[in-house]
1. Is it possible to state the helix-based mean residue ellipticity at 222 nm for chain B, with each DSSP H run of 4+ residues giving -39500 (n - 2.57), the sum divided by total residues, to the nearest 500 deg cm²/dmol? What is it?
2. Give the cross-link partners of B:Lys105 among the aspartates and glutamates, using a straight C-alpha distance below 19 Å as the criterion and excluding same-chain residues fewer than 8 apart.
3. Under a point-charge model restricted to the Cβ atoms of Lys and Arg (+1) and Asp and Glu (-1), what is the dipole moment magnitude of chain A relative to its Cα centre, in debye to the nearest 20?
4. Find the Rg to Rh ratio for segment B:139-188, where Rh is the Kirkwood radius over alpha-carbon pairs and Rg uses the same atoms.
5. So for A:Met164, B:Met111, A:Met247, fewest C-beta neighbours within 10 Å to most, what's the order?
6. Among B:Gly163, B:Gly275, B:Gly292, determine the one that fluctuates most according to a GNM of chain B built with springs between C-alpha atoms less than 10 Å apart.
7. Return the Rg/Rh value of segment A:169-208, two decimal places, where both radii are evaluated on C-alpha atoms and Rh is the Kirkwood radius.
8. Starting at the first residue of segment A:576-592, write each ³J(HN,Hα) from the Karplus equation 6.51 cos²θ - 1.76 cosθ + 1.60 with θ = phi - 60°, in whole Hz, x for Gly and Pro.
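Computed from the coordinates by the stated procedures, all read-outs in this text should not be read as laboratory data. Keep in mind that what you see is a predicted model, and the values were worked out from it rather than measured. Here Cβ is always computed from backbone atoms with ideal geometry, including for glycine, and neighbour counts include all displayed protein chains.
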Amino acid sequence: MIRIPGGLFTTRPAAGFGLVMHRLLRFCWFAALVMAVPDAVKAQAVLPDSAIALKGIEVSGNKRFFLMPGMQADTIDSLVMRSSVAASLAGLLGQHSLAYIRDYGQGNLSSISLRGTASSHTSLNWMGFELNAPGSGMSDMSILPLFLFGNVRLVNGFVMVPGMLPAGGTVYLDPPSMSSGRIAASAGFSLGSFSDFRQYVSVYGRKEGSACRVAYLHQHADNDFPYTYRGVAYRRGNAVSTGRALMVNTEHRSGRHTFYTAAWLQDAGREVPPSVSAADLNANRRDEAMRAVLRWKRPGVRNALSAGVAAFHEYLHYTEKAGDTLLLLDSRIRNRSVQADFGLDRKLGFAGLLLHARVSGSAVTVNTGDFGGSHRRKSGGWGLTLFKPLGRKDWKAGLTLRQDWVKGMFVPPAPSAGIEGSIAAWQLKAQVTRNFRIPSMNDVYWVPGGNPGLKPERGWNYQAGIHWFPLKHEESGLALGVDAYYTLVDQWISWIPDGKGVWTAENVQKVEICGCEPRLEGRWRSGSFGLKMNLSASLSSSTYLTKTGPYDNSRGKQLIYTPRKQLKGALQATFGSFVFAYTHNFTGKIFTVRDNSSFLDAWNTGSALFRQTLPISRTGSAELQFEIKNCWDESYEAVAFYPMPGRAFLFTLIYKYQ
Amino acid sequence: MKKFLLFIHQVMPLLLITALVFTLSCKKDETGPDDPAPVTHPRVYVCNEGPFMNGSGSISVFDKVTGTVVNHLFYKVNGFHLGNIVQSMEVVDETGYIIVNNANKIEVVRMSDFSSLGMIENLTLPRFFLQIDAKKAYVSCWDNTVAVLSLLTNNVEKHAATGTGPERMVKIDNRVFVLNQGGFGIDSTITVMDAGSDLAIHSLQVYPKPTGAVADAEGKLWVLCSGKGFNGWPQADDSKGHLLRIDPLSYQVLADYEFPATDKHPDKLVINQAGNAMFYIYESGIYRFRPGDTALPGTPLISHAGYIYALGYDDQDDMLYFSDPVDFVQNGWIFRHKASDGLAVDSFLTGVIPTYFTFR
C-alpha cells in the first residue's frame, strides 16, 4: 500500500495562508501523480479497442471584434476552447471553422486553406507578430497546441500583419487570460487511441499588479492507426510523434503602463510516414523553437500607445533514408527573426474621428544549405487608419492606407475602406482591400529555382455580408446571414519548370476567387437546460485565369486542395454541468492535379463529446471529458494517399484549482 | 415549452432552406475517363510518374491504329493504384514488368488484359529493367546495385554492386553496360557486368552523368554523358556534355564529341532500328546524330516550345515520341514526329509526368 504523503486529503488545515498552501500542495501532488502516469498508461493504450481520441467539439459562436469595419471576424467559442485542450490548432480550425486543413494524417503536417487560397495566403499571428516560417511562408498547424493559448480568432479582411495583407485571412493566437484571481492551477492528462498520451500543467498567480502563468505540455502518440490499401489491412508505420512545450506569460502593471512578456519553448519530433503509394523512407522531422515577446501598452482617454518587440529562433531538421543507411535527404533550416512595432490610437478633435497609426519593422535570417548559405531580409511598413462613427447608431466607416517596404522589392500601397452597421434586425457590412504577399524566402533564394526577381503578389478583395437576427432574447436567439467575397490576385507565385526543366518560382498566374459563406445560428435555454446549434457552409470557386505555357490545361480549373464546398454543423446541449456536443463536417470533392483530372472524393465526418464537471471542493473541480472522433468511421483522405484515422476515442481528465 | 416550440418553428424552415440550397449546389461527382477497351492493335504504353511524393503513377495506352488513348489503365483493370513514381516498363513475352521507383517494387502484369500478377519487392529505388535471357533480368537500383531477377520465379536472387546511382543498361553480346549517373550526386563511370556470372568485370571511366547508351549497327557502344550541372541553373563547376563511341570489348574510346557549352546538358539517347541515326534531347529540341558525322549537329531536328522530358523511338513505324510534363502537376502531353524528317504527326494527353515509352 502506498501512503499518501502528509495526509493531505484527510486533515483540514488552518484558514488563510495555510489553506492556500494546503490546496497548492494538494494540487502539486496531483500534478506530480499525473506527470508520473504516462508510461503505464501508454502501455495500456496500444490496443485499438481501448483507444481514445482527440479534441473536443462544441458549438462555436461569432464574437465581434475588429479594427477595420466591414471585415469578417470569428472568435472560437470559449466553450470550444475549453474542451479542445488536447487539440492542435489544425484540429480546432478543421472542425470549428470554415478553414480547410490539408492534413497528412494524425500527428502529421497540416497546413491551412482559407477562402479558397493557398496555405501561404494565411497569416498566423501570435501577440501581434508573424509566426509563419519565413522560408516557406506557412506554418505546420499540427504542432501548435491549444493548451498554450487563450483564444483563437480568424479574420478575413484588412489587417496590419507584416509581410502581407493576406488574401485568405489571419489566424490570431491570443495569450491566455491574466485575470483569473490570485492563484489558479490546472493539471490533467488525455489518453487516446493509437497510444496518444498528453499531460498538461499550468500554474497562475497574481500579486498586486503582476501576474504570471506557466504552462507545460508533453505529448506522445504512436499514431499507428489501421487503414486498408489494395484490400489489405495495414497499420500506419513510422508515424510516432512526440512533443513538449513550455510557455511563460507575465503581465505587469505600473501606473498607466502595462507590460506583457511571453516566452515559448517548443520541441516537436516526428517520424514522417510515407504516402501509402510509396515505400517508407524512414523520414524524420524535428522542429525546435524559442520565441520571446515583450509588449507595452499605455491606454489613455485621448491617446493610447503600444509597442512590442519579438525575437524568434526556429530550427527544422528533416532527413530521409532509403533502407537503413542510404541518406537521401538531410535538410537543416535555421530561422532567426526580430520584429518590432509601435502603434498609436488617437481621438482627433473633430467629427469624432479616431486615428490608428502603426509602424513596424523586421529582420529575418534564414540559414540553410538549401539556399547555399544564409540570407537576410529586412522589411518595414506603416499604416494609417481613420475611423468615423456615422450618424446612425452602430454605423461606422474606416479608411486605411498601408505601405510596406522590403529591401530590393517594390511593394504596392495597400488602401482599404470599410463600412458596417445595423438597420433594425439586420446587420450590414462591406469592405474593399488591396491584398499583397511578399514572396517567401524559399521563393527567392531556394537553390535551384529561387527567383530573386520575383515581385509581390497583388490583388483586390471585395467582401460584403448581411446578417439577420429575427430572435434576440436572453433565453433564445436566432441569426441567419451570408458573407460573400471576391478576390482577384495578380502575379500569383507558382513553381513551374522553365523551358530547361528547372522548377522556378515565377509571377505567372492570375487567380480569381469568389464564394459565399451562409451561416445559421440558434440558441435556446430554459433553466439549466440549454441548446445551441449552428450551421455554416463555404461555397468557394478558386480558378486560374491564365496559362503558364502553351500546353497548360489549368486555366479555368479549381486550385488543387481547395474544396469548392464545405458544410459544418454543430449541436450542443447542456444540462447543468453536463455537456453533450456533436459536430459534423462535410467536405466536397478536392482536386489533386492542376488540370482537375484527378480528385479525392467528398467525405463526411462526425464527432461527439461528453463532458461532466465535478466540483471537488469550494476551489477545486475536475473535468471529465470523453470524445468520439470520426464516429461514423468514415474512410477518407484529406491529402491523396495519406489515409486519415477511422473512429477514435479520447479521454481527458483535468483538475482545476482556483 | 412554448418558447421551445416557437424556436423550432422559426429554425426549421431556415434549416430546410439552407439544406436545400446546399443540396442543389451539389452535383454528382464525375468519374474518370472511359473504361478501357480491349486493345488488340499495335500500341504504345506510356509510364506516367504521377504527382511527386503524394501521388500514384499510372499507365496510359495509345492505340496506334485508332489513335485512342486510355489513361489509368492499370487502375481501371485492377482497381488499385500502381504506387509512387512509375519509372519504366518492359515486356518479356506476354508479361509486363512495371518499375515503381518510390514504392520499391515491380508490378507484374499479364499483357493480354493488364491484370496484376503480383509484386516483386526487396528492391531499393528500382529504376530500369533489362532482360538478359529467358530466365533472368537485371534491375538497376539506387542502392548502388543491380538486382538479378529470376523470370521463372519473379524473385530477386542477388544484388551485384555498381557505381553510384545506376540507371540505364545496354547489353552487347554477353556484357551489360550499367550507366552510373550518380543518383542524388554525380558519378562518371560505367560498370561492365558479365551476363553469365552477374559479376562486375570492369569499371569504365567516362564523363559526369552518363545518361543514355545504345549499340549501333556495328555493335559499338554509344554513351551520352550530360555533364555536371543542371539546365537552366548554371554553376561555376559545371562541365560539358559528351557523346562517346566505345569499343565494347577493349573499352577503348573510339570517338569523343564534346558539346559546346557547360550550361547546356544533353539528355536521353535513342537509336533507330537500322542503327544509323541517334536522337537526343538538347536545348528544348531533339537532335539527330549519325554515326558517320564528324561533328555534333548545330540545329535540332525537332523544336519544341515547352520542356521535353522523355524520348522514345518506335521502330515499327520509325516514329519519335517525346513528352512534355507541362508543370509536373497536371496531365502531360505526348508528341509524335517522324524520325526520318522530324515532321509532326499528332499529339495526345496522358497522365501526370509521362516519363517512359514501351512499344508493342
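1. The helix contribution divided over chain B gives -2500 deg cm²/dmol.
2. Correct list for B:Lys105: A:Asp280, A:Glu320, A:Asp324, B:Glu49, B:Glu90, B:Glu121, B:Asp143, B:Glu157, B:Glu167.
3. Numbers: 72 positive and 48 negative charges, 468 e Å.
Dipole about the Cα centre, nearest 20: 2240 debye.
4. Across segment B:139-188, the Cα-based Rg/Rh ratio is 1.01.
5. Details: A:Met164 26, B:Met111 16, A:Met247 22.
Starting with the residue having the fewest Cβ neighbours, the order is B:Met111, A:Met247, A:Met164.
6. Highest fluctuation of the listed residues: B:Gly292.
7. 1.15
8. Values, residue by residue: x, 9, 9, 10, 10, 9, 9, 10, 10, 10, 10, 10, x, 3, 10, 7, 10 Hz.
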